[in-house]
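To start, the structure under review is shown below, and the notes come after it.
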Amino acid sequence: MLRRLYVWEIPVRLTHWVNVLSIVVLSFTGYYIGNPWILVSAREWYGPYFMGIVRFTHFVFAFIFVASLLLRTYWAFVGNAWASWRNLFPFLTAEGRKSLGDALKYYLFLRREPPEVVGHNALAGLTYAVIVFLYFLQTFTGFALLGEVNTEGIWYKLTGWVFVFVSNQVLRQIHHLIMWLLIAFAVHHVYAAMLIDNEEGNGLMSSIFSGFKFVHASLLKKVNNKG
Amino acid sequence: MNDFSPGLENVLARQGVTRRDFLKFCSAMAATLVLPTRYVERIADALATVKRPPLVWLEFQDCAGCSEAFLRASRPSVGDIVLDILSVNYHETIMAPAGKAAVKSLDDTVKEGGYLVVVEGSIPTKDNGIYCTIGGRTALDIAKQVCGKAAATLTVGACAFYGGWPNATPNPTGAVGVKDAVPGITLLNLPGCPPNPVNITATVVHYLTFGSLPATDQLGRPLFAYGTRIHDNCERRAHYDAGEYVEEWGDDHARAGWCLYKMGCKGPATFHNCPTVRYNDGTSWPVGAGHGCVGCSEVAFWDTMSPFYRRLPNVAGFGVEAQADQIGLGIVGGVAAAFAAHGVVSAIRARQQPLARHESDGVSAEGKEG
């Protein structure tokens, strides 16, 4: 029998969707800032300050994104077991290592059954560790580049030391590349969610809206015993 | 020589520079140093009474372009006045003595101490620095001796700052700037290719007026000249904010003086006061003349600011013309193709071997594959 189980708490879902929205907006505005391919007529009301508006939007959503990251980081320490930071490092436990191998075999068509888990599988957890690292790098490079506008400001004070080691052009290049890596991740992420939703029949897709997943009674018993 | 100090104003008066001209020069220096107007008087007092400090100008792996920029200031207001303030004891390009006499004037100055050094050009370190020798001594040896005993060292130009053109990849001579060649000395960097003579002069004026070097950023560049980005003071900035860009050289937008961002202008990445001070007595500057900034006052600008006509550097290891956005698009395309293929295989598998688990769930999976 399948049981309905509350897995993703409100902060997890909220930050997920705020991240989605801000990454989409940041990618479009960021690409435009790097390569302003739309020529705006000066007759349009927004024309005389178009790049300014795009940059403003980029910065506003950057701050929203950072707020979301901070909330999610906090929740990784106080939230439930499936929101915990421990999910990022599955290789630390024997169970996690086994789950990692099972997931890899499943994706490589060497195993029919997807690994049975309540939260996300070990391979996904490991991927999120990489994504969290990319988020950090992207935020850091972003604030460093923003800080150059005012070298007396707080962002330059916090990040300006990096320019002793790296040229700002190289930092810009890294900022561009990470955007593409995050877009590539989004492609993978949506595909993997569709695949698992289809194969496991656990309501994965709706779970990121509702918070509820459908898990086997046997698995639920294991979870309850552990808890 | 140095103890004879007749007062700058008298010297200048004999050359036909009036007190009015002199005060105008002092005002310009106060403005360049971003000082309030009350400092004009203090600068004038200091310059009129200061003892002429001896100055040594060393040239290593350079093109003498920084010297040229400094000496070619057209009116007496910049170059001449500073040359009258300073007692230039050694400058290979403009000094009268040659050979042993030249070496002697350098040695005498070093022995006496209390002098300023200006370094132009990079210092090779590979193979014991044999790639640049003057009078049988390596540049590294000379720099260590002369800069080590100086009251202060000023580097002019990109080469003495971090190594400049000789330092660009693959850097065959192991060229470095003074900071790396002679660590731990009192040093101020005035990078640029060439640096603006106004900034060199203003730094010297600051030193003579206050007895200290001006405040610097973490790369040792004075904040009065390198404290703000070119982009943030650019006369074409309004066009940038409006999204009005030159699309190719010589198009209507270029004629209208629009922003050179898409032509690879490095103004957004470069700290310098070019837009406000300008070159050649305020005549013009690169962006004013319709060419993008190449970022010549930043570290490793030959490597990180090039290609000069493109927005971002090329990515090493991906061929000559590969830029971050093309590589990124390739990665996204590759990932999408890989997962599309994975999806097709997964769909076939799901059809051929349905998961046993679903049958026991009590959930009807009928019609799922239909």
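Rule-based calculations on the coordinates, nothing more; no lab input. Note that this is a predicted model, so its numbers are computed, not measured. For neighbour counting, all protein chains shown are included, and Cβ atoms are generated from backbone atoms with ideal geometry for every residue, glycine included.
If the only charges are +1 at each Lys and Arg Cβ and -1 at each Asp and Glu Cβ, what is the size of the charge dipole of the protein assembly as shown around the Cα centre, to the nearest 20 debye?
Once rounded to the nearest 20, the dipole reads 1320 debye.
Cβ under 11 Å from B:LYS111's Cβ, B:LYS111 left aside: what net charge do those residues give with Lys, Arg +1 and Asp, Glu -1?
-1
For q = 0.07, 0.11 Å⁻¹, what log10 I(q)/I(0) does the protein assembly as shown give under the Debye formula with an equal point scatterer on each alpha carbon and no solvent?
-0.59, -1.05
Under 8 Å for C-alpha pairs, at least 6 residues apart: give me the relative contact order for the range B:8-226, rounded to a whole percent.
22
For the range A:2-226, with only Lys/Arg (+1) and Asp/Glu (-1) charged at the beta-carbon, what is the dipole magnitude about the Cα centre, in debye rounded to 20?
My answer is approximately 540 debye.
With a 4.7 Å Cβ cut-off, tell me which Cys residues in the protein assembly as shown come up empty for a partner.
Lone cysteines by the Cβ rule: B:CYS26, B:CYS63, B:CYS66, B:CYS132, B:CYS147, B:CYS159, B:CYS234, B:CYS259, B:CYS265, B:CYS274, B:CYS293.
Per residue, how big is the convex hull around the C-alpha atoms of the range B:230-304? Give it to me in cubic angstrom, could you?
On the way: hull volume 6.8 nm³, N = 75.
Taking only Cα atoms, the range B:230-304 has a hull volume of 91 Å³ per residue.
If the convex hull of the alpha-carbon atoms of the range A:1-148 is projected onto planes in all directions, what is the mean projected area in square nanometres?
12.9
Which of rounded, prolate, oblate describes the range B:6-54, given a ≥ b ≥ c as roots of the alpha-carbon gyration tensor eigenvalues and a/c under 1.5 marking rounded, otherwise prolate only if a/b is larger than b/c? List each step's numbers first, then the result.
Working: a/c = 2.34, a/b = 1.47, b/c = 1.59.
Oblate, because a/c is 1.5 or more while a/b does not exceed b/c.
Per residue of the range B:281-290, in order, report the coupling 6.51 cos²θ - 1.76 cosθ + 1.60 (Karplus, θ = phi - 60°) as ³J(HN,Hα) in whole Hz, putting x for Gly and Pro.
After applying 6.51 cos²θ - 1.76 cosθ + 1.60, I find 6, x, 5, 6, 7, x, 5, x, 8, x Hz.
Limiting things to C-alpha atoms, what are the Rg and the maximum Cα-Cα separation (Dmax) for the range A:2-81, in angstroms?
So, for the range A:2-81, Rg and Dmax equal 17.9, 60 Å respectively.
Counting partner chain Cβ atoms within 10 Å of every residue's Cβ in A:27-33, what's the average?
1
Give the dimensionless ratio obtained when the Cα radius of gyration of chain B is divided by 2.2 N^0.38 Å. Don't jump to the answer; show the numbers that get you there.
Numbers: Rg = 28.9 Å, N = 370, 2.2 N^0.38 = 20.8 Å.
So the Cα radius of gyration is 1.39 times the expected 2.2 N^0.38 Å.
Residues with amide H under 5 Å of A:ARG3's amide H, sequence separation 5 or more or different chain, H placed in the peptide plane at 1.01 Å from N; which?
Sorted by chain and number, the residues that satisfy this are A:VAL215, A:HIS216, A:ALA217.
Find out how many positive minus negative residues lie around A:LEU71, taking Lys and Arg as positive, Asp and Glu as negative, among other residues whose Cβ is under 14 Å from that of A:LEU71.
After counting each charged neighbour, the total is +1.
I need the fraction of alpha carbon pairs in the range B:8-226 separated by more than 28 Å, rounded to a whole percent. If you can, show how the numbers build up before the last one.
On the way: 6363 of 23871 pairs.
Cα-Cα pairs of the range B:8-226 separated by over 28 Å account for 27 percent.
Run the count for chain B, please: Lys pairs, Cα-Cα under 29 angstrom, 8 or more apart or on different chains.
Here the count comes out as 26.
To the nearest 10 degrees, how steep is helix B:19-32 against the longest Cα principal axis of chain B, on a 0 to 90 scale?
For B:19-32 against chain B, the angle is about 30 degrees.
Hey, if you put +1 on the Cβ of every Lys and Arg and -1 on every Asp and Glu Cβ in the protein assembly as shown, which of B:VAL34, B:LEU329, A:ILE208 ends up farthest toward the positive end of that dipole?
Selected residue: A:ILE208.
Please report, ordered by residue number, every helix of chain A (full DSSP H runs) that is 24 Å or longer along its axis going by C-alpha atoms and whose mean Kyte-Doolittle hydropathy reaches 1.6.
Span-like helices, by this rule, are A:50-78, A:122-147.
With point charges of +1 on the Cβ of Lys and Arg and -1 on the Cβ of Asp and Glu, referenced to the Cα centre of chain A, which listed residue (A:VAL149, A:ILE178, A:PRO114) lies farthest in the positive direction of the dipole?
A:PRO114
To the nearest 10 degrees, how steeply does helix B:139-148 sit against the main Cα axis of chain B, on a 0 to 90 scale?
The helix B:139-148 is inclined about 60 degrees to chain B.
Picking from B:TYR240, B:ALA289, B:LEU260, whose Cα lies most toward the positive end of the charge dipole for the range B:230-304 (charges on Cβ: Lys, Arg +1; Asp, Glu -1)?
Selected residue: B:ALA289.
Please compute, for peptide A:48-59, the average count of beta-carbon atoms on other protein chains lying within 10 Å of each residue's beta-carbon.
Details: counts 5, 4, 4, 9, 5, 2, 2, 2, 0, 0, 0, 0.
Rounded to a whole number, the mean comes out at 3.
Determine the sum of side-chain charges near A:VAL12: Lys and Arg each +1, Asp and Glu each -1, restricted to other residues whose C-beta is under 15 angstrom from that of A:VAL12.
Result for the neighbourhood of A:VAL12: +3.
What do you get for the angle between helix B:324-352 and the principal long axis of chain B? Use alpha-carbon atoms, 0 to 90 degrees, nearest ten.
Around 10 degrees separate the two axes.
Suppose a student asked you for the relative contact order of chain B, using Cα pairs under 8 Å spaced at least 6 residues apart; what percent would you report?
That works out to 13 percent.
If the only charges are +1 at each Lys and Arg Cβ and -1 at each Asp and Glu Cβ, what is the size of the charge dipole of chain B around the Cα centre, to the nearest 20 debye? Kindly include the intermediate steps, with their values, before the conclusion.
Working: 32 positive and 36 negative charges, 131 e Å.
The dipole magnitude comes to about 640 debye.
Mind checking which of B:ILE123, B:ILE348, B:ILE85 has the largest fluctuation in a GNM of chain B, springs on alpha carbons under 10 Å?
For chain B, modelled as a Gaussian network with Cα springs under 10 Å, the answer is B:ILE348.
Determine the calculated [θ] at 222 nm for chain A from helices alone, applying -39500 (n - 2.57) to every DSSP H run no shorter than 4 residues and normalising by the residue count; nearest 500 deg cm²/dmol.
Calculated mean residue ellipticity at 222 nm is -22500 deg cm²/dmol.
Is there a simple number for the mean count of other chain Cβ atoms within 10 Å of the Cβ of residues in A:174-187, and what is it?
Counting Cβ atoms of other protein chains within 10 Å of each residue's Cβ and averaging gives 5.
Apply the Karplus curve 6.51 cos²θ - 1.76 cosθ + 1.60, θ = phi - 60°, to the phi angles in the range B:44-61 and return the couplings in whole Hz, x for Gly and Pro.
Result, ordered by residue: 4, 4, 5, 5, 6, 10, 5, 6, 5, x, x, 10, 10, 10, 9, 10, 10, 6 Hz.
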